[in-house]
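See below for the structure under consideration.
The values are calculated or read from the model by the stated rules, or taken from the named source; none is laboratory data. Here the structure is a predicted model, which means the values were calculated and not measured. For neighbour counting, all protein chains shown are included, and Cβ atoms are generated from backbone atoms with ideal geometry for every residue, glycine included.
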Amino acid sequence: MKNIITIFLFLVSCTVSAEILKFASPTESGIQFVWWPKVTPPKHWHVDEGSSHYFSFNAIAPDGSTFSNAEAVLYAKANFKPRSPEIKNLRSFIQEDIASIRQQKTSVQVVQEKTIFSGSHKPFQVIAYNPISENDNNWERVAYGEDDEYYITFVISSRSKSALNNALPAFASMISSYKSEP
């Protein structure tokens, strides 16, 4: 019965606004609302539906891998601005995310990289999160942007620097596939 309700809520709530897919799923603590940027998986990559619903973001893995066992993964998330009224602008959103990551990982190097653009020419500020410790093998690039009522994040996460570098074209492809509605 729970699956039928989930499917019903998905069909009723799945609309596109600013190219955002909206989902509602029942949980033990009530209904959970999730927003994902609508993107096309890069060539030789696929959406991992199970991981997408589990993690509440659009989880993308290389073909032949799952989101949990891939050397590098991509994901996309839309944060509905009214859910975080204390965040007044994109700069504040990025600073909050950097602070959160630094709280979780004290040995991370944060580097601003070149801006990348979506398919509708919206700018996304890219921040590199590089491990400082040899024991940490988590390499990430996060592209931050906004569209209407959403802060959008696109992420590439990898277990090695070489896997990150090999997957960077897929990361750029995912971002360029995102288009705002006119």
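Key figures for this structure:
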{"item": "Search result, residues across the range 52-83 that are part of a loop (DSSP other than H, G, I, E, B), modelled with pLDDT of 95 or more and either within 25 Å of GLU146 (Cα to Cα) or of a type in the set (Val, Ile, Thr) (or both)", "result": "THR66"}
{"item": "Matching residues, the range 141-152, being buried (at least 18 other Cβ atoms within 10 Å of the Cβ) and out of contact with any helix residue (DSSP H, G or I) (no Cβ under 6 Å at 6 or more places or on another chain)", "result": "ARG141, VAL142, GLY145, ASP147, TYR150, ILE152"}
{"item": "Residue that is surrounded by the most Cβ atoms within 10 Å (Cβ to Cβ) [pool: residues in the range 98-126 that are aliphatic (A, V, I, L, M) and under 17 Å from the mean Cα position of the chain (by Cα)]", "result": "VAL126"}
{"item": "Residue match in the range 28-37 (condition: touching a Ser or Thr at 6+ places or on another chain (Cβ under 7 Å), under 20 Å from GLU146 (Cα atoms) and in a strand (DSSP E or B))", "result": "yes"}
{"item": "Enumerated strands (runs of 3 or more DSSP E) restricted to the range 93-182, each holding at least 3 residues that are among the polar types (S, T, N, Q), under 18 Å from ALA59 (Cα atoms) and in contact (Cβ under 8 Å) with a residue 12 or more places away in the chain", "result": "150-158"}
